[in-house]
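The structure under discussion appears below in the form of structure tokens.
The values are calculated or read from the model by the stated rules, or taken from the named source; none is laboratory data. Quantities reported herein were computed from a predicted structural model and do not represent experimental measurements. Glycine gets a Cβ as well: all are built from the backbone with ideal geometry, and neighbour counts include every protein chain shown. These accessible areas exclude ligands, DNA and RNA; they are computed on the full protein's heavy atoms, side chains included. Shrake-Rupley method; radii C 1.70, N 1.55, O 1.52, S 1.80 Å.
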Amino acid sequence: MIGRLLRMLRLLARRRAGAALALVVLAGFAAAVVARPVAWPHPPGAQDAGSVLAAPSLRHPLGTDANGRDILARVVDGARYAFAVPLAALALAILLGAPLGLAAGLGGGWLDSLLRRTFQGIGLVPPLLLAMALVAAMGPSLRHVVVAIGLLEAIVFARAMRDEVRALHDRGFIEAAIAAGNPLPRLVLVHLLPNTLARIAGEVPRQASWALGVLAAMGFVGIATAADTTEWGSMIREGVEHLYAGQWWAAIFPGLALLVFGGALRVLAESIDEHGPRRAATSPALAGATDRAGRPLSPRGAG
Amino acid sequence: MERPVRALLRRLGVGLFLALVVVLTSFLLVKLDAAPSDVLLGGPTPAAEERAQLVEDYGLDRPAFVQFVRYTIRVLRGELGRSWLTGDPVLGEIMARIPATLELMLYSILLGTLIAVPTGVAAAFARNTAEDRTVRGASVLGEAMPPFLLALLLLLVFFRWLDIAPAPSGRISIVLSPPTAVTGSYFIDSIIMQDSIAARSALAQLVLPVVTLALMVGATLTLLVRGAMLAQMDAPHFVYARAQGMSREMLTMIALRGALPTIGAGLATQSAALLGVTALVEHVFAWGGVGQYGLEAMARADFAAVQGFILVSAAFAAIMHLVHALVRRIARIRIRRA
Amino acid sequence: MLLDVQDLRVERSVTGAQGERGFEPALAGVSFRVVKGRILGLVGEHGAGKSLAASAILGLLRPEARLVGGRALFEGQDLLRMSEADLTRVRGARIGFVVQSGHATLDPNTRVGAQLVRAQSIHRPIVKAEAAWRAETIMSSMGIPEPRLRAQAWPHELTPGIVQRVVIGLALINEPQLLIADEPTAGLDITTQVQILDLLHLEVRRRRIGGIIITRDLGVVAQYCDDIAVMYAGQVVEQGPVGQVFTRPAHPLTRAMIADAPERLALAGRRVGGPVAEPADGCAYRARCPDATDRCLVAPPLVGAGVHAARCHFARIAAA
């Protein structure tokens, strides 16, 4: 399974320079997080009373914040949140959403309709706002942020899973597997999961990018975390008042990190949309038909 | 005759169910909190008789199901409770802020569409060229752009550095008083009142927030328009239109007309969820609209206000979807009648 | 000489197993001619490159195909080297095009009459009432009953036969010098097929213009065309006047196709033999040819004299 994913990624990289660049950017952030403690003299929490809100210089390439802390160190440190929070939320979302979608897809009937309508109702509230309201209700903590984002993304994965399973069902795939004498657990593990994996994996970069945006928005508004952290949205919030006074670096550099990180995830998502597993097709004959590398057998519109 | 009635009833049933889900979501928000009664009961230190009244109203001493039923009834009556920060009814506070938000959204959707349609069309005609790639790259970047960062960048450049935009201090200059409310839009009201100074100030305050939101709308919409156009351009009738020797303008009209339902649906979906992005932009520009109100309520755990805000945002989305469904229906009838 | 296509070469982009992009030849030097007042039948199996040739001439190649070389002289001008703006003035005005699958070819969002009016407005300024009158006139001369009523209809309200008549009307309304019909009867029932082909034939004769009918049906060629060009794997393998080619076919493929369609019975879409991977070099047809020998490993020249020629080492062509 992992080999298949790796092959998919390698294929993406070869076909799309953008996707390759995006992977390099993400790897760069990861490398910086690992290397920072040994490679950079200023810890993210160290205050330098001598240089408060200092402009970018050789000593502090991205300047310092209102407490005299090195922004470069803090931006790099903040990447930990950009990796951890979306990943944790995704794990929760897939663990919750995939079984739900599987049940709806296999069960069909009233269960399917009930779930669909419930998701539709919840979907009426703009997801960003609902996620923020959930965190506000549970209280400010990163764990709650993960839960809120995970819950809302679970809907996305449940829908994706449901569509894939339905598509397989419509192709007679499931009937054939049952007719061949597969018991339910085997049907799910051996036949359904491998065939839906590509779609689930294809959804990951887009949802990670969304989660990152929500996390930052919460940090920016001030409902994600109580204490001051190096989370990028919170850093931007703390930098805003100085931005109006002309010391823009405290807000803009974490913002640019956010943009580059989120942009990399978006580019990855676009590449998958274009070359990766297709979303459940309306035509049952083509639905989910992919070759071994997870690419669609039927060509999507060029471009 | 029977089938339309059944279809209508079905749709009504679905609508009711969706509304129930929304109300339940809003209800559960408060149940998530460890001490929901404190949250509902008007803040940390409510008066004793006030507390008793609220316990009675909400049925807080009763099982959760009863509480939910009572909550639903109150919502149906339009009673969204009082904000513990101001002590005023939430519904009134939200209603007073709706015009500000609607004005911002309306202009942004218009401007965003004006940007996205020509750009998306041009990219589709230039498929896979450098021009197309540039447009797509910019759109993907726009989609990844946090709205508040874009707002801050625009403020930094146009307010702080170039000093041609006003400070992010709301809908009108702080030295002016708002015009008499007619439509609720400061700009239009100032014009009605023939107050050119107020009108100019209101317009200046609108520019940056509208541009921010319009770029956010435009980024997603451009990709949508491009995709919808390409789907049309691959259709046989488009190839045939080219074989007839049609000019670029005529071809554009033909493809755009076919792409219109897709673009409309995308615009409706986007508008329905736009309140989220709008809230962040309002927050930066101290716009004083519904979105800013909701975010502040969240930051201060003002729960009646948060619940009201969530209900209103869902209602707004529902209205957007309804409008879209209506427009589609009318368009289809027009075609069928012919 | 109305149209003289010489050595038309087109490549098609392909994606390999490893995701690498490349090009493979789709038209490998196609030549044919159309004379005023005569109809050329361009015949071949599915995928032989007939439609591709027509698209290339009109500059309507899809993004995945690209022109590599050749000339297409139309009234003395090379269409392949024209600017898009100049080509736009040729398409629809001097070359009319009838495409396959009629229903999908009309703009679904415009009434039929309005499409006929618009087609006129593309190439010259029009007076609305006069254009509408011309639209009705051409509809009735296409054999459409109640043209005034039908002009108000949307394309999806019409039967496939009527739609195809409208498409032919669209192709002729600007009085072109050349009419290209790409499988004009695909998907129609037999009676309608005959009516449509009769109409096409009649109009080309009456207007004394040139015509190309692209088809897979040799019967159509026998009945309605003056000249024939048989295509296989992106090449013309035999061409000549219909009478000569049908009485003395020189290429084995032509012989097989004629044997397969003794009368007008060959239905559109029927294949001669199964799909076979074409050999990389030598005669493209050799894998399926009953008469193939070692000589066929070398690409055959065009053998023949004057108007009748075939691309086969063993072709014997008697002077007409």
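General observations
- Shape metrics for chain C, restricted to C-alpha atoms - Rg then Dmax, Å: 20.3, 68
- Residues B:ALA315 and C:GLN152, FRET efficiency given R0 of 30 Å [Cβ-Cβ distance, rounded to 0.05]: 0.10
- Buried area at the A:B interface is about 4100 square angstrom, summed over both chains, from accessible surfaces computed with a 1.4 angstrom probe.
- The portion of the accessible surface of chain B made up by carbon and sulfur, rounded to a whole percent, is 67 (1.4 Å probe; DNA, RNA and ligands excluded).
- Overall dimensions of the protein assembly as shown by Cα: Rg and Dmax, Å: 34.1, 117
- Each of B:VAL323 and B:LEU110 was given a label point 7 Å from its Cα along the Cα-to-Cβ line. The distance between the two points is 1.2 nm.
- For chain C, the solvent-accessible area with a 1.4 angstrom probe is 44 square angstrom per residue.
- Largest-first principal axis extents, alpha carbons of the stretch B:99-288, Å: 62, 33, 28
- Per residue, the accessible area of the stretch A:2-275 comes to 40 Å², computed with a 1.4 Å probe over protein heavy atoms only.
- Protein heavy-atom accessible area occluded, C/B pair - total, 1.4 Å probe, Å²: 2000 Å²
- Solvent-accessible surface, computed for protein heavy atoms with a probe of 1.4 Å, shrinks by 40 Å² or more for the following residues of the stretch A:136-163 when the other protein chains are added to the isolated chain: A:ALA136, A:ALA137.
- Residues in the stretch B:99-288 average 40 Å² of solvent-accessible surface per residue, probe 1.4 Å, ligands and nucleic acids excluded.
- A Förster distance of 45 Å, applied to the separation of the beta-carbon atoms of B:ALA231 and B:GLU49, puts the FRET efficiency at 0.10.
- Hits among lysines - C-alpha to C-alpha of C:LYS36 under 24 Å, sequence gap 8 or more where chains match: C:LYS50
- When only alpha carbons are used to place a centre, the stretch B:89-110 and the stretch B:270-338 end up 9 Å from one another.
- The Rg/Rh ratio of chain B, with Rg taken over Cα atoms and Rh as the Kirkwood radius over Cα pairs, comes to 1.04.
- The heavy atoms of C:LYS36 offer some 110 square angstrom of accessible surface to a 1.4 angstrom probe.
- Kirkwood Rh (inverse of mean 1/r, distinct Cα pairs), the stretch B:225-286, angstrom: 13.6 Å
- Shown for the stretch B:129-150: residues covered by the partner protein chains by 40 Å² or more of accessible area relative to the chain by itself (probe radius 1.4 Å), namely B:ARG136, B:VAL140, B:GLU143, B:ALA144, B:PHE148, B:LEU149.
- Note on B:LEU9 and B:ALA126: the model spin-label points, each 7 Å out from Cα along the C-beta direction, lie 5.7 nm apart.
- Estimated FRET transfer efficiency (C:MET82, A:ARG59; beta-carbon r; R0 56 Å; 0.05): 0.30
- Helix-only [θ]222 nm of chain B, DSSP H runs n ≥ 4, -39500 (n - 2.57) each, per residue, nearest 500: -26000 deg cm²/dmol
- Between C:THR191 and B:PHE65, the modelled label-to-label distance comes to 6.8 nm, taking each label 7 Å out from Cα in the direction of the beta carbon.
- Length available on full extension from C:HIS46 to C:TRP133: 0.36 nm per residue minus the Cα-Cα distance, which gives 27.3 nm.
- Within the accessible area of chain A (1.4 Å probe), percent carbon and sulfur: 66 percent
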